[in-house]
Each structure stands twice: as C-alpha cells, then as structure tokens.
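Q: Structure below; questions to follow.
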Amino acid sequence: MNPADPALTMTDRYAVIGHPIAHSKSPAIHAAFAAQTAQDMTYEALLAPLDGFVETVARFREQGGRGLNVTVPFKEEAWRLTDRLSERARLAGAVNTLVVDGHGFSGDNTDGAGLVRDLEFLGCHPAGARVMLLGAGGAARGVVLPLLEAGAARLFIANRTPDRARALQAHFAGHDARGVLRAGGWEDAASTPCDIVINATSASLSDEAPPLPAGLYAPDSLAYDMVYGRGLTAFLAQARAQGAARVADGLGMLVEQAAEAFALWRGVRPDTAPVRAQLRAATPSLA
Ligand code: NAP
C-alpha cells in the first residue's frame, strides 16, 4: 500500500443529483451528519441535464465519486441503470441511493424506511395500525413494502384513478402474506376509521386536497403529508377539520431517508434529532 496514493488520501465525494437541484436540502443534511459522525467526506448538489443523467453519473464515478442520492426526475432512470438492486428498490421501481462498488453501482430506495422511521419518531409506529395510503405514483409505490414489513394491520391504497391503486395492490400481492392490502378510489376509503392517513399524492403542490369522505380518522389518528416546506397544506387542514388528532409533514421523512443512505455509504448511523430540529426551525410551521 502506498500512502502517497491520492486514491487513499482523497476525501470521499458524494452528491445529490436531480433537475432542478439548487433547492435541495440534502447537502445541508449530509454536511450535518458528516460533522456529527466525524466522516471525511464532501456532499454536493449535482445538476444533470434532463437527457444527460447516465453521462453525469458516469463522470461523477470516474472522478472518484462514492455515492449518489437521486431525486426528481431521475429515480426511475437510476433504477434502470443498475441490475444490483435491493429488494425494496426492485419493488419500488425507483432508486434514490446509488452506492459505487467495484463493478459499477448498486441501487437502493430508502424513502420507505425513512417514512417508517419518521412515523416511529412521531410515536405512530405502523405496527398494528390501520393505515390509509393516498396516491399510487412513485412515492406511494416506494413505501408500500416498508409499511407491510412494519406490520400494518391494514393498508388501504386509495387513488384518484382507482385502477392505478389496484395495480399497486396486485404488484405487492406476493409480499402481503397476512392479506392486509386493499385498494380503491376515494369513496371506498371510508369503510373503517384509520390510525394513520398518509398523503403520497402531489395534490398539495397545487394547494388541493383529495376529496376524502368523512369518518376516515380514528380518535388519536395522525394525518401525514409527504410534502414539506409548505406549512399547513390543504390536506392537513382538511384532516384537522375531519377529526385527525395530529398532523405532520414530510420533513422528517426527508431527514430519515437521508440518514438511511448515509448509513449505507459510511456504515455509521447519525443521530437525526438535532438535524430535524435545525431544519424544522427554518421551515414554515404547521400551526
Ligand atoms: P407522481 O408519481 O407524479 O404521482 C402523483 C400521484 O398524485 C398520483 O397518484 C396522482 O393520481 C395523484 N394526484 C396528482 N394530483 C392530484 C390531485 N389534484 N388530487 C388528487 N390526487 C392527485 O408523484 P410522486 O413522485 O409519487 O410524488 C408525490 C409527492 O410525494 C410529491 O409531492 C413529492 O414531493 C412527495 N415526496 C416526498 C418525499 C419526502 O422525502 N418527504 C419523498 C418522495 C416524494 P393519478 O394516478 O390519478 O394521476
């Protein structure tokens, strides 16, 4: 071993890749994790052209990059890029974490684990809970397996286009040994009250809420919007009016999925509490 070899002395490089990317909170989150755990690493925001994801990733790797987080709109392209996928990434159809290995990349999806950890942090672990998942796009697909594995007593997927929800149910049927997975449209959603209602639609981005029927929220229930940084969204306001005991946004999920990726890369799990507090202080309140 030659200690003068730059490959042995170089600071490890990581990045989040997306388009756009300037708004990303990931560099600040990972810088905080690295400082807290004394890791010798850098983490930057990497803008890839819409038609240049694969080339940008290849260049990053050639320049010594060790790992990437992948965000909108490239998660599906990252999934296609690698054939070494974790089971949760394979089923999610999307990759948000790439790890450089000897042959290329392995791909994982830490979004679902991030959601489950955040729910746990909020005192609402899905084990034994009746869960409603709104939406059937990429975000919903990424969290179904982790919610099933966390032991939800019932998991109902409701979507504006009910057939997309039913297609998700069929996709995960092989992982639903307990037979807890159901799917349908908004009007099918009210048959039993729920303990946790998760909004994985993008309706909040246009200040809309899914038209949910009354009777959805059990006493002590949590309404959770995956969107963050927008204060009390139309969905969360509707949830309060319909009887949800508590509301939360997706900021904690963002931090927890980052911690999961950090642990994959560095083999050390950061304490997320101070980073959550730091971000929360700089984010519109849910009051
Ligand atoms: P997507 O693949 O485009 O799917 C959008 C979903 O929203 C579909 O189910 C769609 O229904 C539904 N939808 C869109 N507009 C709607 C409306 N006005 N009313 C009701 N339903 C509507 O998007 P995605 O990637 O799943 O992302 C969804 C959201 O999750 C985004 O806001 C994203 O920011 C958030 N997210 C957060 C995190 C985090 O870390 N906190 C991570 C991932 C994603 P149809 O099938 O009928 O079109």
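The values are calculated or read from the model by the stated rules, or taken from the named source; none is laboratory data. Not measured: the values here are computed from a predicted model. Positions of Cβ are generated from backbone atoms using ideal geometry, with glycine treated the same way; all protein chains shown enter the neighbour counts.
Q: Taking the residues in the range 179-219 that are of a type in the set (Asp, Glu) and either at pLDDT below 95 or not in a strand (DSSP E or B) (or both) as candidates, determine which candidate is farthest from ALA234 (Cα to Cα).
A: So the first thing to find is which residues in the range 179-219 are of a type in the set (Asp, Glu), and the list is 187-188, 195, 207-208.
Narrowing further to those that are either at pLDDT below 95 or not in a strand (DSSP E or B) (or both): 187-188, 207-208.
Values: GLU187: 19, ASP188: 21, ASP207: 6, GLU208: 6 Å.
The selected residue is ASP188.
Q: To continue, here is another question. Restricting attention to the range 142-156, which residues are within 17 Å of the chain's Cα centre (by Cα) and farther than 20 Å from ALA258 by Cβ?
A: Here is the first cut: in the range 142-156, the residues within 17 Å of the chain's Cα centre (by Cα) are 142-150.
Across the range 142-156, the qualifying residues are VAL144, LEU148, GLU149.
Q: Can you tell me which condition ARG230 does not meet? The list is (1) more than 14 Å from the ligand (Cβ to nearest atom); (2) over 21 Å from GLY142 (Cα atoms), and all the others hold.
A: (1)
Q: Also, I was wondering about something else. Considering only residues of the range 185-213 that are more than 9 Å from the ligand (Cβ to nearest atom) and within 18 Å of LEU119 (Cβ to Cβ), which is surrounded by the most Cβ atoms within 10 Å (Cβ to Cβ)? Step through it out loud before you land on a result.
A: At the first step, the residues of the range 185-213 found to be more than 9 Å from the ligand (Cβ to nearest atom) are 185, 187-198, 207, 212-213.
Then drop every residue that is not within 18 Å of LEU119 (Cβ to Cβ), which leaves 193-198.
Values: PRO193: 15, CYS194: 24, ASP195: 21, ILE196: 26, VAL197: 29, ILE198: 27.
The extreme case among them is VAL197.
Q: Let me ask something else. Considering only residues that are in contact with a strand residue (DSSP E or B) (Cβ under 6 Å, 6 or more places away or on another chain) and of a type outside the set (S, T, N, Q), look in the range 38-63 and name the one that is farthest from MET10 (Cα to Cα).
A: At the first step, the residues of the range 38-63 found to be in contact with a strand residue (DSSP E or B) (Cβ under 6 Å, 6 or more places away or on another chain) are 41-46, 48, 61.
Subset that is of a type outside the set (S, T, N, Q): 41, 43-46, 48, 61.
Working: MET41: 9, TYR43: 14, GLU44: 16, ALA45: 19, LEU46: 19, ALA48: 24, ARG61: 14 Å.
Looking at the filtered set, the residue picked out is ALA48.
Q: Somewhere in the range 100-120, is a residue among the charged types (D, E, K, R), away from the ligand (no atom under 16 Å from the Cβ) and not assigned by TED's automatic domain parsing to the domain that holds ILE198? Let's see the steps before the verdict.
A: Taking the range 100-120 and keeping what is among the charged types (D, E, K, R), we get 101, 108, 111, 117-118, 120.
Pick out the ones that are also away from the ligand (no atom under 16 Å from the Cβ) and you get 101.
Going one step further and asking which of them are not assigned by TED's automatic domain parsing to the domain that holds ILE198, we end up with 101.
Within the range 100-120, one or more residues are among the charged types (D, E, K, R), away from the ligand (no atom under 16 Å from the Cβ) and not assigned by TED's automatic domain parsing to the domain that holds ILE198.
Q: I'm told ALA94 meets every condition in (1) in contact with a helix residue (DSSP H, G or I) (Cβ under 8 Å, 6 or more places away or on another chain); (2) surrounded by 20 or more Cβ atoms within 10 Å (Cβ to Cβ); (3) farther than 24 Å from GLU44 by Cα except one. Can you identify the failing condition by its number?
A: (3)
Q: For the range 216-224, does any single residue satisfy the condition of being within 16 Å of the ligand (Cβ to nearest atom), farther than 12 Å from VAL247 by Cβ, touching a helix residue (DSSP H, G or I) at 6+ places or on another chain (Cβ under 6 Å) and not assigned by TED's automatic domain parsing to the domain that holds HIS23?
A: Step one: of the range 216-224, the residues within 16 Å of the ligand (Cβ to nearest atom) are 216, 222-224.
Now restrict to residues that are farther than 12 Å from VAL247 by Cβ: 216.
From what's left, touching a helix residue (DSSP H, G or I) at 6+ places or on another chain (Cβ under 6 Å): 216.
Filter once more, so that each one left must be not assigned by TED's automatic domain parsing to the domain that holds HIS23: 216.
Among the residues of the range 216-224, at least one is within 16 Å of the ligand (Cβ to nearest atom), farther than 12 Å from VAL247 by Cβ, touching a helix residue (DSSP H, G or I) at 6+ places or on another chain (Cβ under 6 Å) and not assigned by TED's automatic domain parsing to the domain that holds HIS23, which makes the answer yes.
Residues are listed down the side, and each one gets a yes or a no for (1) at pLDDT 95 or above; (2) touching a Lys or Arg at 6+ places or on another chain (Cβ under 6 Å); (3) more than 21 Å from VAL255 (Cβ to Cβ):
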{"residue": "THR11", "(1), (2), (3)": "no, no, yes"}
{"residue": "HIS19", "(1), (2), (3)": "yes, no, yes"}
{"residue": "ILE29", "(1), (2), (3)": "yes, no, no"}
{"residue": "THR37", "(1), (2), (3)": "yes, no, no"}
{"residue": "ASP40", "(1), (2), (3)": "yes, no, yes"}
{"residue": "GLY52", "(1), (2), (3)": "yes, no, yes"}
{"residue": "VAL57", "(1), (2), (3)": "yes, no, yes"}
{"residue": "PHE60", "(1), (2), (3)": "yes, no, yes"}
{"residue": "VAL70", "(1), (2), (3)": "yes, no, no"}
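Q: In this structure, is ALA277 outside any loop (DSSP other than H, G, I, E, B) and free of Cβ contacts under 8 Å to residues at least 12 places away in the same chain? First the steps, then the outcome.
A: Details: outside any loop (DSSP other than H, G, I, E, B): yes; free of Cβ contacts under 8 Å to residues at least 12 places away in the same chain: yes.
Spelling it out, ALA277 is indeed outside any loop (DSSP other than H, G, I, E, B) and free of Cβ contacts under 8 Å to residues at least 12 places away in the same chain.
Q: While we're here: Against the definition (of a type in the set (A, V, I, L, M, F, W, C), part of a loop (DSSP other than H, G, I, E, B) and touching a residue at least 24 places away in the same chain (Cβ under 8 Å)), how does VAL227 come out, yes or no?
A: Working: of a type in the set (A, V, I, L, M, F, W, C): yes; part of a loop (DSSP other than H, G, I, E, B): yes; touching a residue at least 24 places away in the same chain (Cβ under 8 Å): yes.
Judged against the criteria, VAL227 is a match.
Condition check ((1) crowded, with 24+ Cβ neighbours inside 10 Å; (2) free of Cβ contacts under 8 Å to residues at least 12 places away in the same chain; (3) part of a helix (DSSP H, G or I)) across all residues:
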| position | (1), (2), (3) |
| --- | --- |
| ASN69 | yes, no, no |
| ARG88 | no, no, yes |
| LEU98 | yes, no, no |
| GLY107 | yes, no, no |
| GLY128 | no, no, no |
| MET132 | yes, no, no |
| ARG141 | yes, no, yes |
| LEU147 | yes, no, yes |
| GLN169 | no, no, yes |
